[in-house]
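Below is one structure, written out as structure tokens; comments come after it.
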Amino acid sequence: MSAPAAAEARHAAVGRLAAPVTVLTVCHAGQVHGTTVSALTQLSRTPALMAAGLKEGSHLAHLALAEGRFAVNVLSGGQSALARRFADPSRPPGAAQFDGLARRRDPYSGAPLLEGALAHYACRVRGSFVVGDHEVLLGLVVRADGGPPGVPLLSYDGELCAGAPGPATDLARTPYPTAFPVVPVFPAIRSLEKEKAAL
């Protein structure tokens, strides 16, 4: 296999790793900002630590480090338009990017919380470091709340998908949901990745 073909195969295989799609928001010195992030993971349950992968030089990371706080909006399967909106490099800056959106102010971070999200996390910055072409932002979850019930928005195989909780296909019975079959909502992650490069 040639080097370009191997790289393409590797990229396709990595895309099979399903990831939750979120919008991180921040408020610093009166300036608000949000950006779509599909590289968010829980590193620890006790204490509750989150890690978010952002493009190196991200404006959101800059503001979050300056403020010391940020918020996470876990998008539902019906919020793909929000994922697209906050990944668009041509969106207006500051508060204008939230115009027309139902939202409220997080009492801890001061950042906008988007209504309809499955969950919101208010985080205190615990540090950041550069890995490859991304900056990893570490956050300690100091408060969290759940939104309306629903299915998560996932990034999977080059698409945004609505994940439907259900039992693993190789198990007859399971005591709790263990798998997330996916239903594509639009083929936009590849273009979304290009858009994120400009954030």
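The values are calculated or read from the model by the stated rules, or taken from the named source; none is laboratory data. All figures in this text were calculated on a predicted structure; none of them were measured in a lab. Note that each Cβ is placed from the backbone with ideal geometry, even for glycine, and that neighbours are counted across all protein chains shown. The area values use the complete protein model at the heavy-atom level, side chains included, leaving out ligands, DNA and RNA. Shrake-Rupley method; radii C 1.70, N 1.55, O 1.52, S 1.80 Å.
Got at least one residue in region 22-38 being in a helix (DSSP H, G or I), surrounded by 11 or more Cβ atoms within 10 Å (Cβ to Cβ) and in contact (Cβ under 8 Å) with a residue 12 or more places away in the chain?
Checked against the condition, which is being in a helix (DSSP H, G or I), surrounded by 11 or more Cβ atoms within 10 Å (Cβ to Cβ) and in contact (Cβ under 8 Å) with a residue 12 or more places away in the chain, region 22-38 yields no hits at all.
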Mind checking which residues of region 117-134 are open to solvent by 30 Å² or more (accessible area, probe 1.4 Å) and in contact with a Ser or Thr (Cβ under 7 Å, 6 or more places away or on another chain)? Leu118
Filter result (over 16 Å from the mean Cα position of the chain (by Cα) and either modelled with pLDDT of 90 or more or on the phi > 0 side of the Ramachandran plot (or both)) within region 127-139: Gly127, Ser128, Phe129, Val130, Gly132
Right, Pro152: in contact (Cβ under 8 Å) with a residue 40 or more places away in the chain, open to solvent by 50 Å² or more (accessible area, probe 1.4 Å) and in contact with a Ser or Thr (Cβ under 8 Å, 6 or more places away or on another chain) or not? no
Filter region 39-58 down to the residues that are among the hydroxyl-bearing types (Ser, Thr, Tyr) and open to solvent by less than 20 Å² (accessible area, probe 1.4 Å) and list them by number. Ser58
Kindly provide the set of residues from region 59-76 that are assigned to a loop (DSSP other than H, G, I, E, B) and open to solvent by 10 Å² or more (accessible area, probe 1.4 Å), ordered by number. Gly68
List the number of the failed condition for Leu82; all other conditions in (1) farther than 12 Å from Thr22 by Cα; (2) among the hydrophobic types (A, V, I, L, M, F, W, C); (3) part of a helix (DSSP H, G or I); (4) in contact with a Ser or Thr (Cβ under 9 Å, 6 or more places away or on another chain) hold. (1)
Only one residue in Val23, Val32 is under 23 Å from His134 (Cα atoms), under 14 Å from the mean Cα position of the chain (by Cα) and of a type outside the set (Lys, Arg). Which one? Val23
Any idea how many residues of region 85-134 are under 26 Å from Leu43 (Cβ atoms) and assigned to a loop (DSSP other than H, G, I, E, B)? 12
Is it the case, given these coordinates, that Val142 is modelled with pLDDT under 90, open to solvent by 30 Å² or more (accessible area, probe 1.4 Å) and part of a strand (DSSP E or B)? no
